[in-house]
């Protein structure tokens, strides 16, 4: 028997519940902590150059995160967010994409951004909101974006990118492009209405989106068990009628494999796929947060052993693709480069006053022109109070 | 020139826009085969296919988010919110996303070409969930453009301009006039300017300003005033954001008086913004206080709708009070 809802109806004649945990979705694991593969696991096809690029991207992000959190503590930038413990999730998934696939991220996906080719200078210019920042110094640090590398500018409100990704991918499909959109979000953001709206819209309208949920255990201080009661986020994909897969987010081979498979499926069938990556946010939510108030050191230590970089590093060493000594030298060099780039970026001027009103509209409306003219007159009267712009108007 | 009602004019505009540019896509609740609950998208699915004119699930935030994504990719989504009263689940997507897309990315991305069409206003015995005029909430959001047409000819030209606009537009359609307002509408493609008011009638003693469905109400009031010898200048604002300060200020400098009428409640309504700006621009020319004729500060009523609305009689009284101050 079928009904108009496309649902298969099987009937019973005694009342019985279906358990809220009837559906248990397994987690894909390929790489063990010691760098060897699980029995029965197959490594994805990955050439040496790609594997090294993935490794170097993870290392880059880890060093950058350490250094920039330090810069925040020194008061040189106002805010920062690390992705410690989650590097494999974003780098592994980005590596499985085509360079022209759109990335719509939440805010902790610097790994995907770097993999796409965002330069060290571009990172720094954004973090210091200087006049070379692509975003013209308008958003808090870590709100990166670049049209050239198909990385949608980050928006602070949580989950808003989810229905947008459905629309973006639908447009890609209408245009006949062989590209997908990947949409990252956290398990906390999956409680937002936009999550339901976006997944349902994508499923109904057959949009080739990869919904990539980074379930990292915490939304600021709220643990996942206070966020939802179901089996993670993955089980919801089945509810929307979409293909779903769950992976160990600290296992870059598993993430790469799952994303590659999801991308192929999404393109071939014009359908969304939900991926749930299980990892742990080892760092604080942001530079404004202190996890010692809501979780134990013991818990953190348990997950620290699950480090995504060391696991992949051991794998690469065993394959003789990585030279241990050269890697150490390269990491040291990276630290130097980051420090240098930081010093350069913090000296670059802030955006000019015209960027207070540019881009609100394609062309400033008359009222904005009037307001800017009034403001300039005011600044000329009190130049000392407005040192960033008074010398340049 | 053929005669059309406002729905036919809107349908005709959408048809022309879809024929002209295959990036134009119409969607919303019941918009597909059914053609929308008011039939504004009638026959468009038949003509342009399901991929370009389709139903969505019942999710205003989903519709708005989907539209943002499509527009960011470069297409021109025309998304229908079935009633302006139901736009609020999409408020975050519109206020925090649509409006800030270009600005926050430093012009790396934008959602120009995106139009939200939504029927607003009372007069259809709809009570407080089918009658609201929420334009003022959006007027407080830099990055949006807000347009309200008064008749079929205006609706077609302004809608085509909105779809062709490099900035996102909320297009409020006076649903009371959907079938009631009939007029001559050119068959061909044409645009009317966004951000420009229209002086519909010149006069010397008082400026009367309104927009959308209220235009025919204030026209009636102006006729009554003219009949007792008061010379009125009548202006249709047409765009709430950006609004045409210069045209209104020029008129008030001439007449020395201003009466503003809108359907939405008085407090926090857009008339307050206009009054503040005009008193600043025209202070020495003003002969009497600027008056506002608006809805009461209550939810929109049902049984007592006639008493509530900013009708022609209240406007007529305000015109007299302004001139006889």
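Computed from the coordinates by the stated procedures, all read-outs in this text should not be read as laboratory data. Small disclaimer: the values here were computed from a predicted structure and weren't measured. Methodologically, a virtual Cβ is constructed for each residue, glycine included, from the backbone with ideal geometry; neighbour enumeration extends over all protein chains shown.
With r as the distance between the Cβ atoms of residue A:362 and residue B:280 and R0 = 45 Å, compute the FRET efficiency 1/(1 + (r/R0)^6) and round to 0.05. Mind dumping the intermediate values first?
Details: r = 28 Å, r/R0 = 0.62.
So the FRET efficiency works out to roughly 0.95.
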_Given R₀ = 35 Å, what would the calculated FRET efficiency be for residue A:346 paired with residue A:29, taking r from the Cβ atoms and rounding to 0.05?_
0.25
*If the chain between residue A:206 and residue A:17 were fully stretched, how many nm would it gain, using 0.36 nm times the residue separation less the Cα-Cα distance?*
64.9 nm
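Report, to one decimal in Å, the Kirkwood hydrodynamic radius for the protein assembly as shown based on all distinct Cα pairs.
Numbers: mean 1/r = 0.0357 Å⁻¹.
After inverting the pairwise mean of 1/r, the radius is 28.0 Å.
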*Calculate, in nm to one decimal, what residue B:302 and residue B:253 gain on full extension: separation in residues at 0.36 nm each, minus their alpha carbon distance.*
13.7 nm
_Ordering of A:332-342, A:169-179 by burial proxy (mean other Cβ atoms within 10 Å per residue, highest first)_ = A:169-179, A:332-342
_Angle between chain B longest axis and helix B:214-227 axis [Cα atoms, degrees, rounded to 10]_ = 20
*How many times 2.2 N^0.38 Å is the alpha carbon radius of gyration of the stretch B:113-176?*
1.13
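Using the Cα atoms as the points, what is the convex hull volume per residue of the stretch B:33-125 in Å³?
Per residue, the Cα convex hull of the stretch B:33-125 comes to 100 Å³.
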*Taking other Cβ within 10 Å of each residue's Cβ, how do B:27, B:34 sort, fewest first?*
B:34, B:27
*Rounded tilt (10° steps) of A:324-345 against the dominant C-alpha axis of chain A*: 40
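Give the calculated FRET efficiency between residue A:243 and residue A:301 to the nearest 0.05, with a Förster radius of 30 Å applied to their Cβ-Cβ distance. Walk me through the numbers before you get to the answer.
Numbers: r = 36 Å, r/R0 = 1.19.
Here the calculated transfer efficiency is 0.25.
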*Once Rh for chain A is found with the Kirkwood sum over Cα pairs, what is the Stokes-Einstein diffusion coefficient at 4 °C and 1.567 mPa s, in µm²/s?*
57
_Give me the one-decimal nm value for the distance between modelled label points at residue B:47 and residue A:388, 7 Å along each residue's Cα-to-Cβ direction._
5.0
*In nanometres, what is the gap between the two model label sites at residue B:313 and residue B:96, each 7 Å from Cα along Cα-to-Cβ?*
4.6
_Binning at 5 angstrom from zero up to the longest distance, how are the C-alpha pair distances of the stretch B:209-306 distributed in percent?_
2, 12, 22, 24, 21, 11, 5, 2, 0
*Please report, in Å, the Rg and the Dmax of the stretch A:118-208, where both are computed over Cα atoms only.*
14.9, 43
*Could you state the principal axis extents of the C-alpha atoms in the stretch A:255-393, from the largest down, to the nearest angstrom?*
67, 45, 38
*Nearest-ten-degree value, helix A:161-174 long axis tilted from longest Cα axis of chain A*: 80
*Per-residue mean of other chain beta-carbon atoms within 10 angstrom of the beta-carbon, peptide A:151-158?*
4
_Equivalent ellipsoid dimensions for the stretch B:69-194 as semi-axes, Å, which come from the Cα gyration tensor, largest first_ = 25, 19, 10
_Theoretical ellipticity at 222 nm over chain A - DSSP helices of four or more residues, -39500 (n - 2.57) apiece, nearest 500_ = -13000 deg cm²/dmol
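Using only the C-alpha atoms of chain B, find the volume of their convex hull and express it per residue in Å³. Show your work: numbers first, answer last.
Values: hull volume 40.4 nm³, N = 325.
Measuring per residue, one finds 124 Å³ for the Cα hull of chain B.
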*Within 10 Å of each Cβ in peptide A:190-198, how many partner chain Cβ atoms are there on average? Round it to a whole number, please.*
5
*Would you tell me the mean number of C-beta atoms belonging to other protein chains that fall within 10 Å of each C-beta in A:354-361, as a whole number?*
5
_Neighbour-count ranking [beta-carbon atoms within 10 angstrom, fewest first] of A:50, A:160, A:90_ = A:50, A:160, A:90
_Debye calculation, C-alpha points only, no solvent: report log10 I(q)/I(0) for the stretch A:172-240 at q = 0.13, 0.16, 0.22 Å⁻¹, in the same order as the q values._
-0.41, -0.59, -0.96
*Between residue A:318 and residue A:268, with labels modelled 7 Å along Cα→Cβ, what's the label distance in nm to one decimal, could you check?*
2.9
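Just the number, please: Stokes-Einstein D of the stretch B:188-251 in µm²/s, Kirkwood Rh from C-alpha pairs, 25 °C, 0.890 mPa s. Each step should come with its number before you reach the end.
Details: Rh = 12.3 Å.
Translational diffusion coefficient: 199 µm²/s.
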